[in-house]
Amino acid sequence: MERRNVRYLKITVASERYTTAGTIAYFTLAPHRTDMSSITLYSLDGCPFCQKVHDALDENEIEYETEWVEALHSQRNEVKRVSGQRGVPVLVNEDSGVTMAESQKIVEYVEQSLV
């Protein structure tokens, strides 16, 4: 798997509230992209759930940064700091304040809100 760092940029126009795995994530619908936002994906090399999210972001031509995490859960302090848990993948959209886990929920968010 190729490792790369890119950024996603967008404008915020409306907001909705979603709950995932006990974590409340607030995010915005954004039909337009600008130079004002960034998306970070916390990911583990070789993780099929992480790869599913990478594929969704790439297929929808969404720019993002990847933060590669350690294989040991006990060493994923940055993931815990941003999401309250140590599992991956975790997507953080700084513009809209979204932080969410679980690959299926992230893929739904990408397809419904970032495209």
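Where a number appears in this text, it was derived from the coordinates with a stated rule and is not lab data. No experiment lies behind these values; they were computed from the predicted model shown. Every residue, glycine among them, receives a Cβ derived from its backbone with ideal geometry; neighbour counts consider all protein chains shown.
Things worth noting here:
- Peptides 41-47, 55-61, 70-76 ranked from most to least packed by the mean count of surrounding Cβ atoms within 10 Å: 41-47, 55-61, 70-76.
- If you plug the beta carbon distance of LYS80 and ASP45 into 1/(1 + (r/R0)^6) with R0 = 25 Å, you get a FRET efficiency near 0.85.
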